[in-house]
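Each reported figure results from applying straightforward, stated rules to the coordinates on display, with no laboratory input. Since this is a predicted model, take the numbers as computed values, not measurements. Please note: Cβ atoms are built from the backbone with ideal geometry, for glycine as well, and neighbour counts cover all protein chains shown.
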Amino acid sequence: MLEFEKKETKKWEMMLNDEVIELNLKPSTVTNKFNIVTDFVKSVNTVLGEEFEIWFFNFIKNYKDENDINYLTDNVVILKQYISKYFDIQNMDYSKFVDRSKVKKGTILFEPNEIRQILISSGYLKLYSFISDRVGIELSNSNHKKIYNMFVEEIMSTDVVYKIFNIVKTKVYRYNLTDRYMWEYIKMIQCKSIDVHTVEIFNFIMNQILILCEEDKNPITYFVGVIEESVKWFLRSVYKKTVVYDDSISTEDIHGLNVDNLKTYSYNDTLGRLKGIAYEYIYKELDKTTPLSVDDNSETDKIMAEFQQRVQSIEFISPLSDCLLFPLLSRITNIPYFHFKTLSPEHSIVLSVYLQRLLQKVFKSEYEDMFSMLNFYPTSVPAVATTYKIKNVNNETGFINVQDKTNNFFGFQTKTLPYKIISYFVGRTSRVNFCNIFNGKPYGGIPLSRIESNMVKFYTLYFSGGLDDKIEELSKLVDLDF
């Protein structure tokens, strides 16, 4: 019976009868958890018996003596036969790792046979680690790749590896939703984009973590845990001296003039926190649109990754940000309007979605057509000027009648100035192609007459102070979120 004894962290002994093979291991993730490897080998030995233990002991012993790549490749087939036979005898039910009730379109689904093949490939690599992880008998990179590919060819020839990469990508991009500026900072000083880190984590999974999968545990859940910890460790460790990671949204870059840096910092800190609150709301909305997927929330992650790619591609700020979002948030937060004008398109649309949620709570279904457009971003350059004129002037819900009910424009009775301003707002909004930030679908279009009617009534009341109580309600909701 094969026996193993740990002498030190990187020193083990493998024994069979009176013979001993010293295992001096390289520093690696596998070495730190080498007991998982030895436990697996002992389990295989128990099931397959003397034939396996004699072959495996001589295989390791003779390779050390010969150090011959040809000898190694000749024994790969035998090694794979033993491990395959072991899994056939075990005959485990891998369907227990798959909850099909949560599977929907777009889910990254691992079938039971794919999970089985992952664990079999892991078994191959565990035995191979007695050679690949030992000091003094390392293979060259080219030879190692050749042998490694022979062990993983079953999963390489299917969609398994592609699915594992997709899990890594969607998980990393999900963290990019809240840590975008940290990723950009890291890219600036390390010259590595988030895509490079995605590939590095994937390589880490394939080269170090795949070996450590345990046959009675779901490997997909294990991969997901490793990915999340890898990203968190990286973000914490690289800048822990200069960035407080626990503040999930870092303070925005200083946008204002260098007149009062303390005020500017405070404004940016508030906007950064508000952006974090907005993203939390967006997460919840995205989670509502997709059910939990098999073990790893992969469908939701995919939706979030697509959302992140969409929000990063936005080039233009909506006209509604200038005339609705920024003025209201300025009133609510006491941050000057001109400070909002420096925000990026990504920051702007996130706050726009958040404000739309607050407006629905306060105004219910009132101004629904105008407020619904806050969930859309422009796909073309918004016009700076417009010749549009309000069409509905004299009807019951027209501009004149609505104005007569308030007869107040910041204390003045003029109708000419609000007519021009509201015409400008409606005209700029009507001349833009919009796209939904949640699903990427083009704006279906609301009749311009309804948009105009909403704006006439809303801004007439806004300019006259008739919405001050509503704005106070919005401020209280924001305070509660903070």
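Descriptive notes on the structure:
- Across the stretch 36-101, the convex hull enclosing all Cα atoms gives 115 Å³ per residue.
- Around the Cα centre of the stretch 3-236, unit charges on the Cβ atoms of Lys, Arg, Asp and Glu (plus for the first two, minus for the last two) sum to a dipole of about 1400 debye.
- Computed over the stretch 379-424, Cα set: Rg, Dmax in Å: 12.8, 38
- Counted by Cβ distance under 11 Å from GLU452, the other residues give a net charge of +3, where Lys and Arg count +1 and Asp and Glu count -1.
- Segment LYS389-SER430, length gained on full extension (0.36 nm per residue, minus Cα span): 13.6 nm
- Applying a DSSP loop filter and a limit of 13 other Cβ atoms within 10 Å to the GluC sites (Glu not before Pro) in the stretch 314-373 leaves GLU315.
- Amide H to amide H distances under 5 Å link CYS435 with TYR377, THR379, TYR443, where only residues 5 or more positions off or on other chains count and H is placed in the peptide plane.
- In the stretch 307-353, trypsin sites (Lys or Arg not before Pro) in a DSSP loop with at most 13 other beta-carbon atoms within 10 Å: LYS341
- Cα-based Rg of the stretch 313-481 normalised by 2.2 N^0.38 Å, two decimals: 1.01
- Here the Karplus curve 6.51 cos²θ - 1.76 cosθ + 1.60, taken at θ = phi - 60°, turns the phi angles of the stretch 16-24 into couplings of 9, 6, 9, 9, 9, 10, 7, 10, 9 Hz, with x standing for Gly and Pro.
- Evaluating 6.51 cos²θ - 1.76 cosθ + 1.60 at θ = phi - 60° for every residue in the stretch 410-417, the Karplus couplings come out as 6, x, 9, 9, 4, 10, 5, 5 Hz, glycine and proline recorded as x.
- Cross-link pairs beyond the 30 Å C-alpha cut-off, checked among LYS6/LYS96; LYS33/LYS80; LYS26/LYS61: LYS6/LYS96
- Extension gain, GLU285 back to ASP88 (0.36 nm per residue minus Cα-Cα distance, nm): 66.5 nm
- In Hz, Karplus ³J(HN,Hα) per residue of the stretch 47-57 (6.51, -1.76, 1.60; θ = phi - 60°; x = Gly, Pro): 7, 8, x, 5, 4, 5, 5, 5, 4, 5, 4
- Gap separating the Cα centres of the stretch 386-412 and the stretch 419-466, nearest whole Å: 15
- Volume per residue that the Cα convex hull of the stretch 3-236 spans, once the total is divided by residue count, Å³: 139
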